[in-house]
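The values are calculated or read from the model by the stated rules, or taken from the named source; none is laboratory data. Please read all numbers here as calculations on a predicted model, not as lab measurements. Backbone-built Cβ (ideal geometry, glycine too); neighbour counts: all protein chains shown. Calculation scope for accessible area: heavy atoms of the full protein, side chains included, ligands and nucleic acids excluded. Shrake-Rupley method; radii C 1.70, N 1.55, O 1.52, S 1.80 Å.
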Amino acid sequence: LHWVTITRGQRCSNAAALRSRGAAKAAAAGNLVVRTGVHVLRVELEDQEGAPPRAVGVACRDDASGGLVRYAAKREVVLCAGAINTPHLLLLSGVGDPAQLQASGVKLRATAPGVGRNLQDVSAVGVCRRATVKTLDQELRTPWPYLRYLLFRSGPLASNTLEASAFLSARHLAAPGAEGGGD
């Protein structure tokens, strides 16, 4: 599954989404605050009796002054810093494998051995094959998809044009002629 954000037929970046009317309404209602010029250093955690610590805010470095700034959440913290930076911030916050955190000099706050493990890059392989049905490739040889997009922001050009894909794990593929396969 490929997740993309498309608004009115165009890819929509985080920056564009934060400049949208919906974001402006959320900010006016006090439900969204956007800070720029800060670098998140860690998630602030609060101990809870008999339960894992709870995220209550973030500690940041102000890029202009270099000073430490803390932002407290009224209800919840949503950490979405990408596939690399999310586990990195969790580890810096003390959430991860106890031995790894101790070796790095980070105080353990919550044991979660899987944090930062099994990060993988994705290889992409293009496959070309003659099709018996009309393909996007053939459709784009006419002016209609372009006009449809320019006039209505719809049609095949209003998507990411990656309409089909397969995710395979080499670990689970059987060798030719072998029974079962994988481990």
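Any idea what the relative contact order of the chain is, in percent, if you count C-alpha pairs under 8 Å spaced at least 6 apart? Reported relative contact order: 16 percent. Here is the list for region 1-104: trypsin sites (Lys or Arg not before Pro) lying in DSSP coil, each with at most 16 other C-beta atoms within 10 angstrom of its C-beta, are ARG8, ARG19, ARG35, LYS74, ARG75.
Full extension of the segment from THR7 to TRP144, taken as 0.36 nm per residue of separation minus the current Cα-Cα distance, would add 47.2 nm. Normalised by the number of residues in region 35-81, the average gap of Cα pairs under 8 Å and 6 or more apart makes the relative contact order 32 percent.
Calculate, for ALA64 and GLN100, the FRET efficiency according to 1/(1 + (r/R0)^6) with r their C-beta to C-beta distance and R0 35 Å; round to the nearest 0.05. According to the calculation, E is roughly 0.60. Heads up, I need the accessible area for ASP137: 1.4 angstrom probe, whole protein in place, Å², nearest 10. Accessible area, nearest 10 Å²: 100 Å².
Once each of the GluC sites (Glu not before Pro) sitting in a DSSP loop with at most 15 other beta-carbon atoms within 10 Å is removed, the chain keeps 77-162 as its longest stretch. Tell me the net charge near VAL106. Cut-off is 12 Å between Cβ atoms, VAL106 excluded, with +1 for each Lys or Arg and -1 for each Asp or Glu. Charge balance in the 12 Å sphere: +2.
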